[in-house]
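Following: one structure in structure tokens, then a few remarks.
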Amino acid sequence: MAPERSDELTLQMRAAVAERLRGRGGAGSAPGIQPRPHPQRPAPLSFAQQRLWLLHELFPDGLGYNVPSTHRLQGPIEVDALRRALSEVLRRHEVLRSTFDRDRDGHPVQVVRPAAPIELPVHRVPAGADPAALAVALVRRPFDLRSGPLLRVDLLRLDTDHHVLVLCAHHIAVDQWSLEVLYAELSRLYPVLVAGQRAGREAELPALRLQYADYAVWQREHLTTDRLRPHLDFWHEHLDGVPEQRLRIDRPRPGTQSFAGARLRRRVPEPVLRKLREVSARHGATTFATLLAALHTLLTGYADDPDLTIAIPFGHRSRPELEPLLGFFVNTLPLRTTPAPGRPWADPTFADLLHRSRDVTLDALLHQDLPFDRLVHHLHPQRALSHNPITQVALSHFNTRSSGPRLPGVEVRPFPIEPGTVVFDLDFVMAEYDDGLAIELDYSTDLFDEATARGMLDQFAGLLDRIPADPSRRLGELVPRKLRTSTAGSAAAVQEPGPRPVEAAARTAPRTDTEHALVAIWTKVLGVDAVGTTDDFFAIGGDSLAAARVAALVSRRFGVRVPMRAMFDAPTISRFATEVLAPLLATPPAPPPERGGPADPHARPARRLAALPEAEARRVLHAARESTGTAGHRPIPQEDQ
């Protein structure tokens, strides 16, 4: 999930960004955001939401963008007051009540549902059961974006006055800043309701002038190609000639990303963090820029090419009117930190790399208005279900602590859990505390052994300890190339799947009624005059959004449900007709399952753990661990002692 609160931006960096904006005459701000005129009508998705919606269409049972937040509550809890306070938050923020569907042309839309009281199940933890494992089972339930809800809250009851609050939302509706807003509102509403007020509105929370869907409409109307052209030009130049990122891995990359992951933790002591801050100050940089340079330095020992790009998930709330809203405002900034990109590697000093990281970060912030999915659309990199586009390594950084709810008479502490998922191949999350730097490394277990990931984390901690002594040392002295020995030997030879070839250069005319119908749909979606039955959809201008539209239009035209990923599995009309449509059309439609029956996709594990005996609860937990997905970005909680 990420530096979504922009916590890595110190006052000095903000001032530097403002100064550069003044020097360039400003960025030409768009008009202010206004409430949409017809809030009862379906609204478009923001660009960030669209990216997550597409991923959900590809992996509908994936857990990659579940955002869990868990806290231990010690003290008396008024469950009904907590439920009513949460219901009021749900009423105030439409995005939590939104569901996602397609319009007649296959475009995704969000629809706001009427407010209703939220469910707050209370699960008694069986004797001897692990509450952390039970919490993991609760957050490892897929969301259904088509029917909702997008927010689930559960209470685990360990004792009369001892609970664990398990909150989980889909990332399409929240980011880390949103959780802080949610907890702040909950902290104001709950005491009023405990005191006996009949409705949460007596807490006098200010009315919200805007909703997230208003922002989505504004973004679609005003972030036009002409307005975004300067940003497109910058990112095109920034990523021009960037090589395909290849880290040496322990196993061949699967054809489809499973998002299975594991997490390792490491604490860097306060004296080392203090020295890193001093190095940053001497070079006119932030601690974030220093950590970014250090991560690049580490990865030069694990990458086939030291020209690296690292993804920075950034909380893009560039307007003050967006601050009180819940929603998904995160944009991914791919930072190419090599001092001389495109040139032969000259083994720079760490100071050179730090200056590059500082300047690249500032320039990227000046051009953060370009949504990542628009950048991917214009760059048109080779797309595959096996990995993320552009980069497979992410860095998030925080220097403030996530507070959680403040409930009177209750001690609230973080309750760390490990969902066992990851979005990127490697996802580094770093948080600054009074006693040092906390580092979490989420790594793909499809690609890396635990020993490899642990060695990487140990190397990184040692690197942070060595950098302050002499930042003028060259990277090759700090981290020798080809760090790994026996494991690296076999892994380095692993070749990831290359670009899918276009199946035929010549255009082939349709031969059947099915192929004629598919050609008509493809030409409409792609905006081209003609399509051959052996043309590769993605080689002639198709992308993920266009694939989703084709799947929707084909489903409507033929009366069958075609999953979006079928476009990746069979990217030509001839293959799509024979491998996808023919089997679907030959199969009689199944009767709709009864609600709650064995085929009901909403009958998820761990729904009512309170009613389960201990042995059954353990069986549910085992089943939950077998599912796959990826975790949302999150600040690192202090350990729950």
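Evaluate the relative contact order of the stretch 318-399 (contact order divided by residue number), counting alpha-carbon pairs under 8 angstrom at least 6 apart; express in whole percent.
So the answer I get is 31 percent.
Net charge in the neighbourhood of residue 340 (other residues with Cβ under 15 Å of its Cβ; Lys, Arg +1, Asp, Glu -1) is -3. 3J(HN,Hα) along the stretch 288-296, derived from phi through the Karplus expression 6.51 cos²θ - 1.76 cosθ + 1.60 where θ = phi - 60°, amounts to 4, 4, 5, 5, 4, 5, 5, 5, 4 Hz, with x in place of Gly and Pro. Note that the stretch 416-428 has calculated 3J(HN,Hα) couplings of x, 10, 10, x, x, 9, 7, 8, 9, 4, 9, 10, 9 Hz, one per residue in order, obtained from phi through the Karplus relation 6.51 cos²θ - 1.76 cosθ + 1.60 (θ = phi - 60°); glycine and proline are x.
Take peptides 232-241, 274-283, 131-140, 78-87 and line them up by average Cβ neighbours within 10 Å, highest first, as a rough protection proxy.
131-140, 78-87, 274-283, 232-241
The 1.4 Å probe gives accessible areas that order 124, 549, largest first, as 124, 549.
The slack between residue 115 and residue 586, meaning 0.36 nm per residue of separation minus the straight C-alpha distance, is 165.4 nm.
Once all protein chains are placed together, residue 512 keeps about 70 Å² accessible to a 1.4 angstrom probe. For residue 104 and residue 79, the difference between the fully extended length at 0.36 nm per residue and the C-alpha to C-alpha distance is 4.7 nm.
Could you give the distance between the Cα centres of the stretch 348-378 and the stretch 65-88, to the whole Å? Rounded to whole Å, the Cα centres lie 39 Å apart. Solvent-accessible surface (1.4 Å probe) assigned to residue 477 amounts to roughly 100 Å².
In the stretch 244-328, how does Rg compare with the Kirkwood Rh, expressed as the Rg/Rh ratio over alpha carbon atoms? List each step's numbers first, then the result.
Details: Rg = 17.8 Å, Rh = 16.9 Å.
Reported Rg/Rh (Cα atoms, Kirkwood Rh): 1.05.
Within the shell defined by Cβ-Cβ distances under 12 Å, the residues around residue 468 carry a net charge of +3, with Lys and Arg each +1 and Asp and Glu each -1. Between residue 508 and residue 233, what length in nm is gained on full extension when 0.36 nm per residue of separation is reduced by their alpha carbon distance? So the extension gain works out to 95.3 nm. Given a 1.4 Å probe and the protein chains as shown, residue 53 ends up with an accessible area of around 10 Å².
The values are calculated or read from the model by the stated rules, or taken from the named source; none is laboratory data. Just so it is clear, the structure is predicted and the values come from calculations on it, not from any experiment. Here the Cβ is made from the backbone with ideal geometry for all residues, glycine too, and neighbour counts use every protein chain on show. When the accessible area is computed, the model is the full protein with side chains, heavy atoms only, and any ligands, DNA or RNA have been set aside. Shrake-Rupley method; radii C 1.70, N 1.55, O 1.52, S 1.80 Å.
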